[in-house]
Amino acid sequence: MHLLSLFDVSAEEITHMLTLAGYMKAHPASFQNSLKHKSIAMLFEKPSLRTRVSFEVGIHQLGAQPIYLDAQMVQPGQRESVEDIARNLACWTHGIVARVFKHETLHKLTAANIPVINALCDIHHPCQTLADLLTIQERYPIDMKVVDILYVGEGNNVCQSFMVGAAALDLKLTVICPPSYGPKQSFLDTLNARYPNHRIEIGTDLNAVRHADVIYTDTWLSMGDARDYQKTCEIFAPYQVNQALVSRLTATTVMHCLPAHRNDEITDEVMDSSISAVLQQAENRLYVQKAVFHHLFQEFSNV
Ligand code: CP
Ligand code: NVA
């Protein structure tokens, strides 16, 4: 079993991993032998702070050895094929964590039949979503299903993964993006087919939103996107998460996966405010990823 996106797991598995992550957070010394005597390759084609560090620390904490591979050194698809890289990695390691430009590269990495975990691609960022869901669960423990969640910004990898997580857990989510910058139609077709009764609404008019408990935003320009940043800022400016928006919607939590362009998609005032959950999200990456490993490797060891 792999985690290329949250479509690879059921709603029950997501709930199980969140429970496991919560347990691991409360009991830091638990599950120390989940990955004992194993090695995990970490292939990164893009920069990272949170993902790299939280994976390396988590892999250590589960008793395994992380091996970080910079794509500039390995040169996937140039020095050798992605499939051959995977087959070689499987000679020495037991799983691959990969941050890639194209989702297709993750599929190629599955050639070696060891678990592959998506650490961000152009379409999905599943581990981020699991951390986000854990964060929302911690902040609204009574019932996440009654929380009004707003995602505002680009309909990018973070947004799309969050939509899958929200649909799986039957959360109320509104997605507001500038015209032509919403989630991709091919992604929406898959989402609607998998979760036909989801409670996600998509629009372009932020003024039409009357209330949100949680406001989530992300960068207006993702890594590897060649659009002009200044022009992008002009288009996205009305979609900024600032104190006026927080007050108007009476929000009680503001989220951002980070890294943030401060005072572009989110103001300093909001990001550093008492309702900001950004560091809680970052911290939770560690626990959900440990839970993902435990879940995937248990399955593999049963094969
Ligand atoms: N949120 C996140 O994935 O951060 P990094 O790009 O720093 O890993
Ligand atoms: N959407 C952003 C997320 C970074 C964690 C990007 O892909 O660059």
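The values are calculated or read from the model by the stated rules, or taken from the named source; none is laboratory data. Quantities reported herein were computed from a predicted structural model and do not represent experimental measurements. When we count neighbours, we look across all protein chains shown, and the Cβ atoms used for this are built from the backbone with ideal geometry, even at glycine.
Within the group 42, 24, 17, which residue is crowded, with 21+ Cβ neighbours inside 10 Å and either in the same structural domain as residue 157 (by the TED database) or within 16 Å of ligand 2 (Cβ to nearest atom) (or both)?
42
Checking the conditions here, which among 170, 122, 148, 132 is within 14 Å of ligand 1 (Cβ to nearest atom) and either outside the structural domain of residue 192 (by the TED database) or surrounded by fewer than 22 Cβ atoms within 10 Å (Cβ to Cβ) (or both)?
That would be 122, the only listed residue that is within 14 Å of ligand 1 (Cβ to nearest atom) and either outside the structural domain of residue 192 (by the TED database) or surrounded by fewer than 22 Cβ atoms within 10 Å (Cβ to Cβ) (or both).
Of all the residues that make up region 133-148, how many are closer than 19 Å to residue 194 by Cβ and in contact (Cβ under 8 Å) with a residue 60 or more places away in the chain?
Of the residues in region 133-148, the ones closer than 19 Å to residue 194 by Cβ are 133, 145.
Then drop every residue that is not in contact (Cβ under 8 Å) with a residue 60 or more places away in the chain, which leaves 133.
Number of matching residues: 1.
Picking from 165, 155, which residue would you name as being more than 16 Å from ligand 1 (Cβ to nearest atom) and not polar (S, T, N, Q)?
Testing whether each residue is more than 16 Å from ligand 1 (Cβ to nearest atom) and not polar (S, T, N, Q) leaves just 155.
Can we say residue 286 is at pLDDT 95 or above, crowded, with 16+ Cβ neighbours inside 10 Å and more than 20 Å from residue 134 (Cα to Cα)?
The answer is no for residue 286.
Please verify whether region 110-118 includes one or more residues that are within 16 Å of ligand 2 (Cβ to nearest atom), at positive phi, within 11 Å of the chain's Cα centre (by Cα) and in the same structural domain as residue 96 (by the TED database).
no
Please give the number of the condition residue 210 fails out of (1) over 21 Å from the mean Cα position of the chain (by Cα); (2) in a helix (DSSP H, G or I).
It fails just one condition, (2).
Based on this model, can you work out whether residue 31 counts as within 21 Å of the chain's Cα centre (by Cα), more than 16 Å from ligand 2 (Cβ to nearest atom) and surrounded by fewer than 20 Cβ atoms within 10 Å (Cβ to Cβ)?
The answer is no for residue 31.
Which numbered condition in (1) farther than 26 Å from residue 239 by Cα; (2) charged (D, E, K, R); (3) assigned by the TED database to the domain that holds residue 250 is the only one that residue 154 fails?
For residue 154, the exception is condition (1).
Which residues, counting only those in region 69-87, are closer than 29 Å to residue 36 by Cβ and either surrounded by fewer than 14 Cβ atoms within 10 Å (Cβ to Cβ) or not assigned by the TED database to the domain that holds residue 23 (or both)?
Within region 69-87, 70, 73 qualify.
Taking the criterion of being out of contact with any Asp or Glu (no Cβ under 9 Å at 6 or more places or on another chain), at pLDDT 95 or above and charged (D, E, K, R), would at least one residue in region 211-222 satisfy it?
no
Is it true that residue 66 is exposed (fewer than 15 other Cβ atoms within 10 Å of the Cβ), within 16 Å of ligand 1 (Cβ to nearest atom) and not aliphatic (A, V, I, L, M)?
Details: exposed (fewer than 15 other Cβ atoms within 10 Å of the Cβ): no; within 16 Å of ligand 1 (Cβ to nearest atom): yes; not aliphatic (A, V, I, L, M): yes.
Answer is no for this residue.
Identify all residues within region 213-228 that are within 13 Å of ligand 2 (Cβ to nearest atom) and in a loop (DSSP other than H, G, I, E, B); write none if there are none.
Of everything in region 213-228, those that are within 13 Å of ligand 2 (Cβ to nearest atom) and in a loop (DSSP other than H, G, I, E, B) turn out to be 218, 219, 220, 221, 222, 223, 224, 225, 226, 227.
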